[in-house]
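Each remark here refers to the structure printed beneath this line.
The values are calculated or read from the model by the stated rules, or taken from the named source; none is laboratory data. In this text, all values refer to a predicted model and were calculated from it rather than measured experimentally. Note: ideal-geometry Cβ built from the backbone for every residue, glycine included; neighbour counts use all protein chains shown.
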Amino acid sequence: MRSFLFLIIFLLPFFIKGQDLMALKDQVSDLYEKGEIKKAIPIAEKAKQQAARTYGTNHANYAYFLNTLGILYAADGEYKKAEGLYKEAADIYKATVGVSHPNYIGALDNLASVYSNLEEYDKSEALFLQVKEMKRRNPGPNDPSYAQTLNDLGLLFHKKGEIKKAEQTYLEALAIWENGRNEQDRDYATNLGNLGALYLESGYYSKAEPTLLKANKVYKKVV
C-alpha cells in the first residue's frame, strides 16, 4: 500500500498562529519521516489539543491536526482510532473549506484506506470510488494524485479477489505515471510492485517477473 506521507504534508488551509504549534507540527513531520511513529503520536496529540485552544474545534486548521494524528495512528496499526479522527476531520473540512478542497478529499481517501485495512471492503470501495470521481474532476485524470487513488482501489480489488478489476485498475494508474513521465517516483514503483504481486499470486509468472524487476529497479533509484 502506498505511503501516507504525501497526505501528512497537506497545506494548512489557514496560516498557523504561534510558534509553539508550528514547532510541534515540524516535530511530528520529522519523526514521521524517520519512522518513529510512537514518538510522534504524543506530540501530535499535544498539537491537536493546542490547535483546539487556538482555533476552536470547528476550524479547518484543527481538522488538519486531526487528520495528521489519524495518519499516525493508521501507520501504527490503530485503525479504529484513525477512523474516528478522519471522520471528524472530513466533517470539519466539509463545513469550512468545502467538498472540492484537497484536504476534504484527502481525509476521505485516508478513511477509505482505513476501511480497507479493517476489512470493511464495501465501505472502502464506495469511498474510493467517490474520491476517484472527485479527483477526476479536480485535479484531473492525468494527475499523480488520481493515479494514487487508482492504485489504492486496485489494491482493494486485489484483497477482494477481483483479479481482473485489480489488474485493469493498476494498469490505468501506471499509464498515468508513464504518460506524465513520472517513472522515477516512489508511488510509481509501489504501483508496479502491487501489479507484480498480483501477477505472482495469480500464477502469471511470465508477467510477474519483468514487472517486479522493473519495480525493484525504480525503488533503487528513488530510495
Selection from the range 83-111 of residues that are charged (D, E, K, R) and in contact (Cβ under 8 Å) with a residue 60 or more places away in the chain: Asp109
Given (1) of a type in the set (Ser, Thr, Tyr); (2) in contact with a Leu (Cβ under 9 Å, 6 or more places away or on another chain); (3) within 22 Å of Arg186 (Cα to Cα), index of the condition Tyr115 fails: (3)
Residue check for Glu45: crowded, with 19+ Cβ neighbours inside 10 Å, out of contact with any Pro (no Cβ under 8 Å at 6 or more places or on another chain) and either without any contact (Cβ under 8 Å) to a residue 60 or more places away in the chain or assigned to a helix (DSSP H, G or I) (or both): no
Residues satisfying the stated conditions in the range 139-155, i.e. hydrophobic (A, V, I, L, M, F, W, C) and within 13 Å of Asp109 (Cα to Cα): Ala147, Leu150, Leu153
Unique residue being touching a residue at least 24 places away in the same chain (Cβ under 8 Å), farther than 22 Å from Ala189 by Cα and of a type in the set (D, E, K, R) when the list is Lys80, Lys135, Lys159: Lys80
Criterion violated by Gly161 - all others in (1) modelled with pLDDT of 95 or more; (2) part of a loop (DSSP other than H, G, I, E, B); (3) under 17 Å from the mean Cα position of the chain (by Cα) satisfied: (3)
Selected residue (criterion: surrounded by the most Cβ atoms within 10 Å (Cβ to Cβ)) from residues of the range 162-221 that are more than 29 Å from Asp122 (Cβ to Cβ) and acidic (Asp, Glu): Asp185
Residue satisfying all of: in the range 137-149; polar (S, T, N, Q) and assigned to a helix (DSSP H, G or I); surrounded by the most Cβ atoms within 10 Å (Cβ to Cβ) among these: Thr149
Evaluation of Arg186 against (1) of a type outside the set (S, T, N, Q); (2) farther than 24 Å from Ser145 by Cβ; (3) at pLDDT below 95 (one fails), failing number: (2)
Filter pass, Tyr188 being within 20 Å of Ala90 (Cβ to Cβ), in contact (Cβ under 8 Å) with a residue 24 or more places away in the chain and not hydrophobic (A, V, I, L, M, F, W, C): no
Index of the failed condition, Asp152 passing every other in (1) out of contact with any Asp or Glu (no Cβ under 7 Å at 6 or more places or on another chain); (2) buried (at least 22 other Cβ atoms within 10 Å of the Cβ); (3) under 19 Å from Lys214 (Cβ atoms): (3)
Near pairs, Cβ below 9 angstrom, 6+ apart or cross-chain, from the range 203-221 (closer than 16 Å to Trp177 by Cβ) to any residue that is not in a helix (DSSP H, G or I): Val218/Glu183; Val218/Gln184; Val218/Asp185; Lys221/Gln184
Matching residues in the range 164-223 - criterion: being within 26 Å of Pro139 (Cβ to Cβ) and polar (S, T, N, Q): Gln168, Thr169, Asn179, Asn182, Gln184, Thr190, Asn191, Asn194
